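Written below as structure tokens is the structure these notes are about.
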Amino acid sequence: MRIRFITTGGTIDKIYFDALSRFEVGESVIQHILTDGLVDFEYDVVSLFQKDSLEINDDDRTVLRDFIASDDATHYVITHGTDTMPETASFLRGLEGKTIVLTGALTPARFRTTDAVFNVGMAVSTVQIAKPGVYISMSGQVFEAGAVRKNRSENRFEGTS
């Protein structure tokens, strides 16, 4: 099975930007995570955006959806910012024959303590065993699109049903 990774930005790819400790989305870290993880499956990485998820709008979601709809791959892991990940997941529902898992991080992957590597690993596992559909893999759990929200006060994802 070949997995196509699509990067869109978000906290997982954030880096220190300036002396005021502000963060900005940088180059994707997904290739480093996969290399360091010694993965042994076929994959490729496509970078569509480098945006904070609060900046991703329906035009961007349409670009993402159109890319997947016209693409020959069937299994996708999408790295995405956490604030609007549920909206993007819902937007992607209904793509026939595609298994899509969105994931990201609550702290940047470049931090010593981060959930990024664990989340990517869970997303890779999920995309390999889940039936076609759209899922979010975050906070040690897998959620179906349309049945998940980010609980900002608890800094985690949780089901809505």
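The values are calculated or read from the model by the stated rules, or taken from the named source; none is laboratory data. Just so it is clear, the structure is predicted and the values come from calculations on it, not from any experiment. Glycine also receives a Cβ, built like all others from the backbone with ideal geometry; neighbour counts cover every protein chain displayed.
Things worth noting here:
- The set of residues in region 79-100 being modelled with pLDDT under 95 and in contact with a Pro (Cβ under 6 Å, 6 or more places away or on another chain) is empty.
- Extreme residue, farthest from T114 (Cα to Cα), among residues of region 1-32 that are in a strand (DSSP E or B), among the aliphatic types (A, V, I, L, M) and modelled with pLDDT under 85: V25
- Among the candidates T62, T35, residue that is assigned to a helix (DSSP H, G or I), surrounded by fewer than 14 Cβ atoms within 10 Å (Cβ to Cβ) and at pLDDT below 95: T35
- Qualifying position, being of a type outside the set (S, T, N, Q) and either over 16 Å from the mean Cα position of the chain (by Cα) or modelled with pLDDT under 90 (or both), among G133, G140, G121, G159: G159
Yes or no, residue by residue, for (1) in contact with a His (Cβ under 9 Å, 6 or more places away or on another chain); (2) farther than 16 Å from T7 by Cβ; (3) at pLDDT below 95; (4) of a type in the set (K, R):
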{"position": "S70", "(1), (2), (3), (4)": "no, yes, no, no"}
{"position": "V77", "(1), (2), (3), (4)": "no, no, no, no"}
{"position": "T113", "(1), (2), (3), (4)": "no, yes, yes, no"}
{"position": "I129", "(1), (2), (3), (4)": "no, yes, no, no"}
{"position": "A145", "(1), (2), (3), (4)": "no, yes, no, no"}
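- The residue that is farthest from T126 (Cα to Cα), among those in region 68-109 that are assigned to a strand (DSSP E or B) and among the hydroxyl-bearing types (S, T, Y), is T79.
- Members of region 118-140 found to be out of contact with any Phe, Trp or Tyr (no Cβ under 7 Å at 6 or more places or on another chain) and either assigned to a strand (DSSP E or B) or surrounded by fewer than 17 Cβ atoms within 10 Å (Cβ to Cβ) (or both), listed by number: F118, G121, S125, Q128, I129, K131, P132, G133, V134, S137, G140
- Answer residue from region 42-59, given it is aliphatic (A, V, I, L, M) and closer than 23 Å to Q31 by Cα and is surrounded by the most Cβ atoms within 10 Å (Cβ to Cβ) among those: I56
- Filtering region 44-71 to residues that are touching a Leu at 6+ places or on another chain (Cβ under 9 Å) and within 18 Å of P86 (Cβ to Cβ) leaves F49, I56, D60, R61, L64, R65, I68.
- When G104 is tested against (1) surrounded by 15 or more Cβ atoms within 10 Å (Cβ to Cβ); (2) farther than 20 Å from L48 by Cα, only condition (2) is not met.
- Number of the exception - L54 against (1) under 28 Å from N151 (Cα atoms); (2) in a helix (DSSP H, G or I); (3) modelled with pLDDT of 95 or more: (3)
- One residue from D115, D72 being over 12 Å from the mean Cα position of the chain (by Cα), of a type in the set (D, E) and surrounded by 16 or more Cβ atoms within 10 Å (Cβ to Cβ): D115
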